[in-house]
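Here is the structure we will look at, set down as structure tokens.
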């Protein structure tokens, strides 16, 4: 199989390979971002991005997936291959409740009508249980926007599993999940493998790969670099680095008795208080649905709230520059039709008054420190990987030169090297500019970069801020 771009000749995006994950064990695909993992994942489904053609063969139980028509592809894949994309928003219909969508997907395998209702309901319940959503009350009547980021990820997984596929291609299946949920999802995927489902895991999370994959293929520049067992290719786990200890200082960001309620009166946050000194870093942790994203959006003034939010002793409401927010859904935060470099540079023009040429020069330099070349950032968002867009999203926020940066799962799509680059850039901004950082994260290595940790559950603080070394 060879993906190629007709407009660029025989440019190889994923190299030439034969891949046969046997029934049961999981096969991992790893490598630095923009190395071809997602392209390979689509190719295994018989699909390709616009401008990419596929050569070769992909067979599941002898059925060829590289077929000429969409109808033939749907028929070939039905009940055989499932796909969990990296971004849940791609598969979750924003205008439909999640329950009917699951029922409709189950009907493609179990049939429609009242006579098959029990079979469909059982398939839906099993898929929710396997995805770690089996105990969520009233879940079926919610819309995707009423789910937390982690819940959206697990709902996308449930939609993948509800048809009972023989092969599942998983693109970053644990992105944005808290450690407990990550462990549960990995456990369920391992159970699927033991039951005979072949898994293809595309991930930068080496711990997930070590725990789930039997065979690992590392890609570099779209070609196989190494292949072997997880231990042979990935090596043993590496101990996490400890946080940088800082002496306490005067708070730059002060939050007192912060509460957020929906228009219907449902409490999302209640009585939250926190403080971050100039140059400090606070990590916010907690299970999916705990209120972490709501807290981040409230700090940035993106949702109505009660209580006090002060930046340098002044209410920050309406000050777009004082607090910058990095969205968890980094792909939807970019306009599809404009080059990424232009969008990253824009805050320096609008909020700092820099001339366009100066703003673009600053943006290019910062993006370069984050490992993004001009050849990449000159493209539109669709031409960049998730990890590249995630780093560009952080760069855009930093170019506003805010007093406070709130980063919601800002390292979830990054491999170890690029995560280290991003955290180093945040550390530089903290040291040189006095930037106060609030890191919302499930990733232990990201949390370890913070001075202090605040834990949330059910919209409330369950553990007062403590040094990160205690976690």
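What follows is calculated from the coordinates using simple rules that are stated; it is not laboratory data. What you see is a predicted model, and the numbers here were worked out from it, not measured in a lab. So basically every Cβ, Gly included, is an ideal-geometry build from the backbone, and we count neighbours across all protein chains shown.
List of remarks:
- Distance between the modelled labels on residue 143 and residue 57, one decimal in nanometres: 4.8 nm (7 Å Cα→Cβ projection).
- Rounded FRET efficiency, nearest 0.05, which uses the C-beta distance separating residue 401 from residue 424 and R0 of 25 Å: 0.85
- Listed peptides 146-154, 376-384 appear in the order 146-154, 376-384 once ranked by packing, highest mean of other Cβ atoms within 10 Å at the front.
- Modelled spin-label separation between residue 229 and residue 314, with each label point placed 7 Å from Cα along the Cα-to-Cβ direction: 6.1 nm.
- Beta bridges by DSSP in segment 381-471, antiparallel share as percent, to the nearest 5: 50
- When each of 403, 332, 412 is scored by the number of other beta-carbon atoms lying within 10 Å, the sequence from fewest to most is 332, 403, 412.
- FRET efficiency, 1/(1 + (r/R0)^6) with R0 25 Å, evaluated for residue 352 and residue 257 via beta carbons: 0.15
- Distance-filtered residues of segment 250-291 - backbone nitrogen under 16 Å, label point 7 angstrom along residue 306 Cα→Cβ: 256-273
- Theoretical gain in end-to-end length, residue 321 to residue 458 [0.36 nm per residue, Cα-Cα removed]: 46.3 nm
- Segment 406-446, relative contact order [Cα under 8 Å, separation at least 6], %: 63
- Segment 251-470, relative contact order [Cα under 8 Å, separation at least 6], %: 30
- The stretch between residue 117 and residue 338, if pulled fully straight at 0.36 nm per residue, gains 74.9 nm over its current Cα-Cα span.
- Centre separation in Å (Cα based) which lies between segment 272-323 and segment 83-97: 28
- Footprinting exposure proxy for 47, 172 (fewest neighbouring C-beta atoms within 10 Å first): 47, 172
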